[in-house]
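Read the structure below first, then the notes.
The values are calculated or read from the model by the stated rules, or taken from the named source; none is laboratory data. Just so it is clear, the model here is predicted, and its values are computed rather than measured. Don't worry about glycine lacking a Cβ; one is built from the backbone with ideal geometry, like all the others, and counts go over all protein chains shown. SASA here: full protein model, heavy atoms, side chains in, ligands and nucleic acids out. Shrake-Rupley method; radii C 1.70, N 1.55, O 1.52, S 1.80 Å.
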Amino acid sequence: MSKTTTNAHYFLGVDGGGTGCRARIEDEAGSVLGQGLSGPATTRLGIDEAWASVSRAFNAAIAEAGLDEAGIARMHAGVGLAGMSRKGSLEALQALEHPFASIAFVSDGIGACLGAHSGRDGAIVIAGTGSVGLGFVDGRDLRLGGYGFPISDEGSGADIGLMALRLALQAHDERIERGALLPEVMQRFANDPAEVVHWMDRATATDYATFAPMVLRHADQGDAAARRIVQAAAGQIDMLVRALFNKGAPRVTLLGGLSGPLEPWLSPDVRRRLKPADGDAVSGAIILARRAA
């Protein structure tokens, strides 16, 4: 049954990431009409596959909202996608056919920043598999880090995993004390450095990041090596937050899968200045859609 109202406008927000895609439709008053989910939606999978995932998510939201073709034609869409820094991605997405009144694309990080601060000036630091600082100040875009693992993404899950493996090999050689964490890391490789090297040759940032929960667990239990690793990672996040404030960001929010576990390890001055997020990345995509309208 159609919920379309004559001349009403609708706003679609989509957050497409490397692990999943979420879509939400709101009316002019901000009431949620429908939501949808799908699998990964990143340009690294290819434009066609990313768009197929986005389409599955927004079609599920449209079905829940009960909108007909006329309502869809009056819908403005905002889409945040992972991997937008890849050359040609934006142009390829803008060339796709769509049924909406308008559509705008940004990176998933920019969408998260818009949502975190309700579209106002501000910045975010994302600490997850990777890390990056993003923001808007007086019409200027800010970007710090996030150039890719292993040359960047300091303080991320991948970076924590890399540091753990490096120390584990040192402990295996008896160059440093073993403690509790480092032998557990080596147990994943049957205590064989050659297996670590074989794994390294094909490992991705996501693979390295799988060691982060182990490191954080041991850090909470007082393991010296784990504490050094986590303190170093927190120091990198401190640096990003302070740099964003120094560049004029009036507010900074910490986001990402490691934001909760790492926050207690941040410096007191940084923790005091962090602001909770107003909304999520889907909210940011809807703000983008409303601006496009």
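For the stretch 23-32, indicate whether the set of residues that are small (Gly, Ala, Ser), closer than 17 Å to residue 285 by Cα, touching a helix residue (DSSP H, G or I) at 6+ places or on another chain (Cβ under 7 Å) and in contact (Cβ under 8 Å) with a residue 12 or more places away in the chain is non-empty.
The answer is yes; a qualifying residue exists.
Just give me the residues in the stretch 29-57 being assigned to a loop (DSSP other than H, G, I, E, B), surrounded by fewer than 18 Cβ atoms within 10 Å (Cβ to Cβ), within 20 Å of the chain's Cα centre (by Cα) and at negative phi, in sequence order.
Within the stretch 29-57, 39, 40 meet the criteria.
Go through (1) open to solvent by less than 10 Å² (accessible area, probe 1.4 Å); (2) without any contact (Cβ under 8 Å) to a residue 40 or more places away in the chain; (3) of a type in the set (Ser, Thr, Tyr) and name the single condition residue 204 misses.
(1)
When you go through 103, 124 one by one, which is the residue that is surrounded by 17 or more Cβ atoms within 10 Å (Cβ to Cβ), in a strand (DSSP E or B) and in contact with a helix residue (DSSP H, G or I) (Cβ under 7 Å, 6 or more places away or on another chain)?
124
Determine which member of the set 257, 248, 235 is of a type in the set (Gly, Ala, Ser) and buried (at least 17 other Cβ atoms within 10 Å of the Cβ).
Sole residue among the options that is of a type in the set (Gly, Ala, Ser) and buried (at least 17 other Cβ atoms within 10 Å of the Cβ): 257.
What residue, of 178, 202, is of a type in the set (Lys, Arg), under 23 Å from residue 130 (Cα atoms) and in a loop (DSSP other than H, G, I, E, B)?
Selected residue: 202, the only one of 178, 202 that is of a type in the set (Lys, Arg), under 23 Å from residue 130 (Cα atoms) and in a loop (DSSP other than H, G, I, E, B).
Please state which one of 135, 155 is more than 21 Å from residue 86 (Cα to Cα) and either at pLDDT 95 or above or not in a loop (DSSP other than H, G, I, E, B) (or both).
Answer to the check: 155.
Output the number of residues of the stretch 181-199 satisfying the condition of being assigned to a helix (DSSP H, G or I) and either of a type in the set (Phe, Trp, Tyr) or touching a strand residue (DSSP E or B) at 6+ places or on another chain (Cβ under 7 Å) (or both).
Count: 1.
Consider residue 264 carefully, then state whether it is over 19 Å from residue 121 (Cβ atoms) and either open to solvent by 70 Å² or more (accessible area, probe 1.4 Å) or assigned to a loop (DSSP other than H, G, I, E, B) (or both).
In short, yes.
Given the conditions (1) in a helix (DSSP H, G or I); (2) out of contact with any Gly (no Cβ under 9 Å at 6 or more places or on another chain); (3) open to solvent by 70 Å² or more (accessible area, probe 1.4 Å); (4) under 24 Å from residue 147 (Cβ atoms), report the number of the one that residue 217 does not fulfil.
(4)
Residue 243 is checked against (1) free of Cβ contacts under 8 Å to residues at least 40 places away in the same chain; (2) surrounded by fewer than 20 Cβ atoms within 10 Å (Cβ to Cβ) and fails just one. What number does that condition carry?
Of (1) free of Cβ contacts under 8 Å to residues at least 40 places away in the same chain; (2) surrounded by fewer than 20 Cβ atoms within 10 Å (Cβ to Cβ), only one is false for residue 243: (1).
Which members of the stretch 268-284 meet the condition of being part of a helix (DSSP H, G or I) and surrounded by fewer than 17 Cβ atoms within 10 Å (Cβ to Cβ)?
268, 269, 271, 272, 273
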